[in-house]
1. What's the number of the condition Asp88 fails, among (1) over 13 Å from Gln107 (Cα atoms); (2) surrounded by 13 or more Cβ atoms within 10 Å (Cβ to Cβ); (3) out of contact with any Phe, Trp or Tyr (no Cβ under 8 Å at 6 or more places or on another chain)?
2. Got a number for residues in segment 32-63 being of a type in the set (A, V, I, L, M, F, W, C), over 20 Å from Ser83 (Cα atoms) and over 12 Å from the mean Cα position of the chain (by Cα)?
3. Considering each of Lys47, Lys28 in turn, give the residue that is among the charged types (D, E, K, R) and either modelled with pLDDT of 90 or more or surrounded by 10 or more Cβ atoms within 10 Å (Cβ to Cβ) (or both).
4. Looking at the structure I just gave you, is Val55 hydrophobic (A, V, I, L, M, F, W, C) and either modelled with pLDDT under 95 or not assigned by TED's automatic domain parsing to the domain that holds Phe117 (or both)?
5. Where the second residue is among the polar types (S, T, N, Q) and crowded, with 16+ Cβ neighbours inside 10 Å and the first is touching a residue at least 24 places away in the same chain (Cβ under 8 Å) and over 14 Å from Phe59 (Cα atoms) and lies in segment 102-114, which pairs have Cβ atoms under 8 Å and are six or more apart or on separate chains?
6. Just one of the numbered conditions (1) at pLDDT 90 or above; (2) in the same structural domain as Ala120 (by TED's automatic domain parsing); (3) surrounded by fewer than 10 Cβ atoms within 10 Å (Cβ to Cβ) is not true of Asp79; which one?
Amino acid sequence: MKLIHRIGYFSVGLFFGIILLLFFLGGKRASCDYTPTDRVLKNIRTKSRAYSPEVLRYFETNNLDTARVSAILETGDVDFDRSNTEGDPCNVYLIYDEINSETLELQIENCDSLATFKTARLVQD
C-alpha cells in the first residue's frame with residue numbers, strides 16, 4: 001500500500017474519531033481543576049454559603065455585595081501560608097482578589113457541607 005493511501009486512511013479514521021469524541025464528551029461539564037487553588041475554590045463554590053453578621057455588616061458599610069463574592073470564588077487566589085489547612089473539623093482558607101485598587105480578603109471556614117464567611121476586609125495595595 002502506498003504512503004498516500006496510508007495517510008488517507010489515517011486521516012479518515014482520525015476525523016471520525018474526533019467526531020465521536022465530540023459527540024460523547026461534548027455535553028459533559030468536565031473541568032480541569034488540578035492546581036490546589038482551583039480545587040479549593042471549586043470545593044467552596046459547590047457548597048452552601050453562610051455569612052457571619054460581621055461580614056454582612058462589612059459588605060453593607062463598604063458597598064459590596066455577595067455577587068462580588070461569587071466572582072472572587074471564580075478568579076481569586078488562596079493564600080495557603082495564612083490559611084489553616086489542617087483544621088480538625090473544618091479548614092480555614094484566606095482567599096483574596098483585586099477590586100479596583102484594593103484587595104478584598106475573605107476568611108472562609110470550609111466544612112463538609114457549608115462554607116462560612118468569617119471575616120472580610122479591604123487592604124490598600
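The values are calculated or read from the model by the stated rules, or taken from the named source; none is laboratory data. Being a predicted model, the structure only gives us computed values, none of them experimental. When we count neighbours, we look across all protein chains shown, and the Cβ atoms used for this are built from the backbone with ideal geometry, even at glycine.
1. Failing condition for Asp88: (2).
2. Here is the first cut: in segment 32-63, the residues of a type in the set (A, V, I, L, M, F, W, C) are 32, 40-41, 44, 50, 55-56, 59.
Adding the requirement that they be over 20 Å from Ser83 (Cα atoms) leaves 32, 56, 59.
Keeping just the survivors that are over 12 Å from the mean Cα position of the chain (by Cα) gives 56, 59.
The number of residues fulfilling the criteria is 2.
3. Values: Lys28 fails: either modelled with pLDDT of 90 or more or surrounded by 10 or more Cβ atoms within 10 Å (Cβ to Cβ) (or both).
Answer to the check: Lys47.
4. Numbers: hydrophobic (A, V, I, L, M, F, W, C): yes; either modelled with pLDDT under 95 or not assigned by TED's automatic domain parsing to the domain that holds Phe117 (or both): yes.
Yes: the conditions hold for Val55.
5. From residues that are touching a residue at least 24 places away in the same chain (Cβ under 8 Å) and over 14 Å from Phe59 (Cα atoms), the pairs are Ile108/Thr116; Asn110/Asn91.
6. The number of the failed condition is (3).
To keep it simple, each residue is scored yes or no on (1) surrounded by fewer than 16 Cβ atoms within 10 Å (Cβ to Cβ); (2) within 14 Å of the chain's Cα centre (by Cα); (3) at pLDDT 95 or above.
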| residue | (1), (2), (3) |
| --- | --- |
| Thr75 | yes, yes, no |
| Ile95 | no, yes, yes |
| Glu98 | yes, no, no |
| Leu104 | no, no, no |
| Ser113 | yes, no, no |
| Thr119 | yes, no, no |
| Val123 | yes, no, no |
